[in-house]
């Protein structure tokens with residue numbers, strides 16, 4: 001099971017490997033943009049989601065979110081990502097992205113809206129259970 005912090009840390013490692021400087025990496029309990037990275041004059045803001053609850057007392061702790069919860073998380077991530085882009089608090093060179101666990105349920109839910117996500121030019125990072133990060137493409141959701 002990948003917690004949100006697992007997804008974030010895998011993406012941070014991937015970004016560092018690709019020349020980004022990490023400005024911010026929030027814990028799941030903190031509010032705001034999960035990951036902020038810089039490369040040159042570009043700022044990348046990433047919203048990350050996990051596949052289970054990180055809170056030990058919750059009903060979903062250690063259990064994968066069900067389809068309705070995954071739909072909610074994808075919708076919430078998309079809203080937050082678009083909101084961050086609209087704010088452009090870091091200037092014109094602000095880019096946004098989303099990161100999700102690479103599971104069949106997340107692939108199904110993201111796949112339902114991927115054409116629109118692609119039109120909006122929002123990259124989607126998928127994090128496998130072994131923490132390998134890949135950038136989604138249309139073929140990721142077929």
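The values are calculated or read from the model by the stated rules, or taken from the named source; none is laboratory data. Because the structure is predicted, anything quoted here is derived from the model rather than measured. Here the Cβ is made from the backbone with ideal geometry for all residues, glycine too, and neighbour counts use every protein chain on show.
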Query raised in the report: Looking at 70, 133, which is the one that is touching a helix residue (DSSP H, G or I) at 6+ places or on another chain (Cβ under 6 Å), closer than 22 Å to residue 10 by Cα and either loosely packed, with under 15 Cβ neighbours inside 10 Å or in contact (Cβ under 8 Å) with a residue 40 or more places away in the chain (or both)?
Result: 133
Query raised in the report: So, in the range 27-38, of the ones that are part of a strand (DSSP E or B) and touching a helix residue (DSSP H, G or I) at 6+ places or on another chain (Cβ under 8 Å), which residue ends up farthest from residue 94 (Cα to Cα)?
Result: 35
Report task. Run residue 24 past the list (1) assigned to a strand (DSSP E or B); (2) modelled with pLDDT of 95 or more; (3) buried (at least 17 other Cβ atoms within 10 Å of the Cβ) and report the number of the one that doesn't hold. Result -> (3)
Report summary line: Restricted to the range 65-88 and to residues being touching a strand residue (DSSP E or B) at 6+ places or on another chain (Cβ under 9 Å) and in a loop (DSSP other than H, G, I, E, B), the residue modelled with the lowest pLDDT is 88
**Report entry** So residue 77, is it free of Cβ contacts under 8 Å to residues at least 60 places away in the same chain and under 15 Å from residue 127 (Cβ atoms)
**Finding:** yes
Report task. Check the range 122-139 and report whether any residue there is more than 24 Å from residue 65 (Cβ to Cβ) and over 16 Å from the mean Cα position of the chain (by Cα). Result -> yes
Report task. Mind listing just one residue for me: the one in the range 11-21 that is touching a strand residue (DSSP E or B) at 6+ places or on another chain (Cβ under 6 Å) and not in a helix (DSSP H, G or I) and, of those, surrounded by the most Cβ atoms within 10 Å (Cβ to Cβ)? Result -> 20
Query raised in the report: Which one is surrounded by the most Cβ atoms within 10 Å (Cβ to Cβ) among residues in the range 94-114 that are more than 14 Å from the chain's Cα centre (by Cα) and outside any helix (DSSP H, G or I)?
Result: 94
Report summary line: (1) part of a strand (DSSP E or B); (2) touching a residue at least 60 places away in the same chain (Cβ under 8 Å) all hold for residue 126 apart from (2)
Query - Options 91, 62: the member that is touching a residue at least 40 places away in the same chain (Cβ under 8 Å), exposed (fewer than 14 other Cβ atoms within 10 Å of the Cβ) and over 24 Å from residue 131 (Cβ atoms) - result: 91
